[in-house]
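The values are calculated or read from the model by the stated rules, or taken from the named source; none is laboratory data. All of these numbers come straight from a predicted model, not from anything done at the bench. Note that each Cβ is placed from the backbone with ideal geometry, even for glycine, and that neighbours are counted across all protein chains shown.
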């Protein structure tokens with residue numbers, strides 16, 4: 001562990017740059033906060049070059065945890081809004097749409113053909129050809145009412 005005692009400020013700054021590159025290549029915003037923490041430790045080490053390596057790692061760990069926690073609290077208070085809130089929730093995209101049943105619904109359960117797939121449905125018993133409106137989603141089951 002003798003090599004740890006020779007860590008200089010620029011090592012932390014290079015680590016920060018590497019973490020930013022990983023952030024660009026990854027699908028989630030996680031490495032950014034570690035990169036910021038490495039940059040802060042690099043700046044602290046530039047201001048205090050005699051800082052022991054144990055304190056450097058401790059500072060990196062603390063800044064990482066604090067920065068991630070602060071970002072999560074910020075996101076909880078200010079959620080990211082989108083113009084397509086149901087983009088990856090396929091079942092919710094069908095809420096409000098009207099369909100004609102190809103098969104009868106018996107005992108409250110049936111199947112319906114929607115676009116290119118078949119969905120399980122739940123609602124009142126009705127015969128084939130009945131127009132139904134999707135009113136909700138429970139997992140992979142569409143809830144409907146007779147339109």
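Would you check if there is a residue in the range 33-50 being under 19 Å from the mean Cα position of the chain (by Cα) and free of Cβ contacts under 8 Å to residues at least 60 places away in the same chain? For the range 33-50, residues under 19 Å from the mean Cα position of the chain (by Cα) and free of Cβ contacts under 8 Å to residues at least 60 places away in the same chain: present.
Within the range 57-83, the set of residues being modelled with pLDDT under 95 and under 19 Å from residue 10 (Cβ atoms) comprises 57 only. Summed over the range 115-125, the residues that are within 27 Å of the chain's Cα centre (by Cα) and crowded, with 17+ Cβ neighbours inside 10 Å give a count of 1. It is to be established whether one or more residues within the range 56-72 are exposed (fewer than 14 other Cβ atoms within 10 Å of the Cβ), on the phi < 0 side of the Ramachandran plot and either touching a strand residue (DSSP E or B) at 6+ places or on another chain (Cβ under 6 Å) or assigned to a loop (DSSP other than H, G, I, E, B) (or both). Within the range 56-72, not a single residue is exposed (fewer than 14 other Cβ atoms within 10 Å of the Cβ), on the phi < 0 side of the Ramachandran plot and either touching a strand residue (DSSP E or B) at 6+ places or on another chain (Cβ under 6 Å) or assigned to a loop (DSSP other than H, G, I, E, B) (or both).
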